[in-house]
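Data first, discussion second: the structure below is written as structure tokens.
The values are calculated or read from the model by the stated rules, or taken from the named source; none is laboratory data. In this text the structure is predicted, and so the values were computed from the model without any measurement. Glycine also receives a Cβ, built like all others from the backbone with ideal geometry; neighbour counts cover every protein chain displayed. These area figures cover heavy atoms from the full protein model, side chains too; ligands, DNA and RNA do not enter into them. Shrake-Rupley method; radii C 1.70, N 1.55, O 1.52, S 1.80 Å.
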Amino acid sequence: MNNRALEITVGLFVLAGILALALLAFRVSGLTLGDTGQGSYKVTAYFDNVDGLKVRSRVAFAGVTIGKVTAIEMAPKQYQAKVTLELNGDVNYLPEDSTAIIYTAGLLGEKYVGFSLGGEEEVLKEGSVIKDTQSTLVLEDLINKFVMGSDDSGKEVAKQLQTMNDTLKELVKTNPNITN
Amino acid sequence: MESTSKGLLGRIQLLGRSAIDIIASLGNAAIFLAMSLIGRPGPGKHFQLLVKQIYFVGVLSLPIIVVSGLFIGMIMALQGYNILISYASAEAVGQVVALSLLRELGPVVTGLLFAGRAGSALTAEIGNMKASEQLSGLETFGVDPLKYVIAPRLIAGFISMPLLATIFVVVGIWGGAMVAVDWLGVFDGSYWGNMQSSVRFGYDVCNGLIKGVVFAFVATWIAVYQGYSCEATSVGISRATTKTVVYSSLAILGLDFILTALMFGEI
């Protein structure tokens, strides 16, 4: 192989490598050049329980991603978890008294932070502290409450279920053909 | 070296001797690397040598890299799909394929294949030059073989392997897309969308590239050093070639563990 062909093949090889890197950057990691919008701003929220929420979890409003969680730490004075949220700069219309809620995507999905709209005119900005929060749903607690009957509503539901069961039995007894 | 006496002291002496041998050979390899790279020749005649080596080390490794990348991507998609479908989250298959290729399989498998194809060829070639006394011949003409023979091969390896790893990952991701989207019916948008939302350029892509560079460095260094320091006989060359593949594979896997712990360990 002569020198020219050799150099062309090597050039093509290097080009293929660079092209592959560009593909990885734009197609695979969705890298966008520069920041879209006007940067971002950080707000903090205090939660009783953030179990399952992770740094880099998404922050969404109405199901649309508007930012991410950047830090989760303990706030010793409040005995609460302090969560720092980074919101996109172009989301500058969320009322200051909005509620931050930890949702679960699907039944087994990831935890994310959602917002429920408040009514104040003042909007969230850099350094705002979200006062109203709703912690993550701990399934075990709910089941415990229901099973142990420590909660009156659980007892109520159990009682109603029992009544329903009795009614059904009565119904079957009086109309033997109903099961067919 | 004086002979070893038997008994406990003898064994301790043996241990000491082998430790000194290992450290000495590591030192030799380091000196060898420094001698080849420091004050390396600039462009000109040597640039031609470099181009030729990139052709031999990089371009000729492309077929094996592309084919294995394609198949590994396809396998990842198939296995990932079969597991994820039982959690009703088959859409995440793109994420699985991309992250495992970028973080681990891309650099590691490319490194192993590179050691097997290019590394062994380098060792055999340099060993052969040594056996046929071409290296000492160069020295007779006043040409430093480290600069003329070794340096272009080292640099060619450093340049080629990260490129090969990148190509491997891209081909693998396309192979995964082919299986997941075209054959298994995962929605196109969620395959790429999930991938994009989970892969971060500065973290996953760049750390994968860093791994590729490190593995390139180690694999080429071992290959060239083994060739240069081998016994100048046919048996010596074959031993050195085997050593190249074994040592570089072990070094790549060991370093991969350390790098992974450093890069991704804290999540």
(request) Take segment A:90-102 and flag every residue that is without any contact (Cβ under 8 Å) to a residue 40 or more places away in the chain, surrounded by 17 or more Cβ atoms within 10 Å (Cβ to Cβ) and part of a strand (DSSP E or B). (result) A:Ile101
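Let's see how each residue does on (1) within 14 Å of chain B (Cβ to nearest Cβ); (2) part of a strand (DSSP E or B); (3) free of Cβ contacts under 8 Å to residues at least 60 places away in the same chain; (4) more than 12 Å from A:Leu53 (Cβ to Cβ):
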{"site": "A:Lys77", "(1), (2), (3), (4)": "no, no, yes, yes"}
{"site": "A:Thr84", "(1), (2), (3), (4)": "no, yes, yes, no"}
{"site": "A:Glu126", "(1), (2), (3), (4)": "no, no, no, yes"}
{"site": "A:Asn144", "(1), (2), (3), (4)": "no, no, yes, yes"}
(message) When you scan segment A:58-67, do you find a residue that is within 11 Å of chain B (Cβ to nearest Cβ) and not basic (Lys, Arg), even just one?
(response) yes
(message) Just the residues that are assigned to a helix (DSSP H, G or I) and among the charged types (D, E, K, R), please, taken from segment B:96-142.
(response) B:Arg103, B:Glu104, B:Arg117, B:Glu125, B:Lys130, B:Glu139
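Which ones in segment B:247-267 are out of contact with any Pro (no Cβ under 8 Å at 6 or more places or on another chain) and open to solvent by less than 70 Å² (accessible area, probe 1.4 Å)?
Of everything in segment B:247-267, those that are out of contact with any Pro (no Cβ under 8 Å at 6 or more places or on another chain) and open to solvent by less than 70 Å² (accessible area, probe 1.4 Å) turn out to be B:Ser248, B:Ser249, B:Ala251, B:Ile252, B:Gly254, B:Leu255, B:Leu259, B:Thr260, B:Ala261, B:Met263, B:Phe264, B:Gly265.
Does B:Ser25 satisfy being at pLDDT below 90, over 23 Å from B:Leu164 (Cβ atoms) and open to solvent by less than 60 Å² (accessible area, probe 1.4 Å)?
Details: at pLDDT below 90: yes; over 23 Å from B:Leu164 (Cβ atoms): yes; open to solvent by less than 60 Å² (accessible area, probe 1.4 Å): yes.
Taking the combined requirement at face value, the residue satisfies it.
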(message) Against the conditions (1) in contact with a Leu (Cβ under 7 Å, 6 or more places away or on another chain); (2) modelled with pLDDT of 90 or more; (3) not β-branched (Val, Ile, Thr), where does B:Ser120 fall short? Just the number, please.
(response) (1)
(message) Among the residues of segment A:115-134, what is the count of those that are more than 12 Å from A:Tyr41 (Cα to Cα), open to solvent by less than 50 Å² (accessible area, probe 1.4 Å) and of a type outside the set (A, V, I, L, M, F, W, C)?
(response) 3
(message) For segment B:169-226, give me the residue count where each residue is within 14 Å of another protein chain (Cβ to nearest Cβ) and assigned to a loop (DSSP other than H, G, I, E, B).
(response) 2
(request) Working only within segment A:152-171, note down all residues that are of a type in the set (A, V, I, L, M) and at pLDDT 80 or above. (result) A:Leu161, A:Met164, A:Leu168, A:Leu171
(request) Please state which of the following conditions A:Gly106 fails to meet, knowing it meets all the rest: (1) within 13 Å of another protein chain (Cβ to nearest Cβ); (2) modelled with pLDDT of 85 or more. (result) (2)
(message) Quick check on my filter: what residues within segment B:136-164 are of a type in the set (A, V, I, L, M, F, W, C) and open to solvent by 10 Å² or more (accessible area, probe 1.4 Å)?
(response) B:Leu138, B:Phe141, B:Val143, B:Leu146, B:Ile155, B:Phe158, B:Ile159, B:Leu163
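Please indicate, with yes or no, whether at least one residue in segment B:30-47 is modelled with pLDDT of 90 or more, assigned to a helix (DSSP H, G or I), crowded, with 18+ Cβ neighbours inside 10 Å and among the small types (Gly, Ala, Ser).
Residues of segment B:30-47 that are modelled with pLDDT of 90 or more, as a first pass: none.
Looking for residues that are modelled with pLDDT of 90 or more, assigned to a helix (DSSP H, G or I), crowded, with 18+ Cβ neighbours inside 10 Å and among the small types (Gly, Ala, Ser), one finds none in segment B:30-47, hence no.
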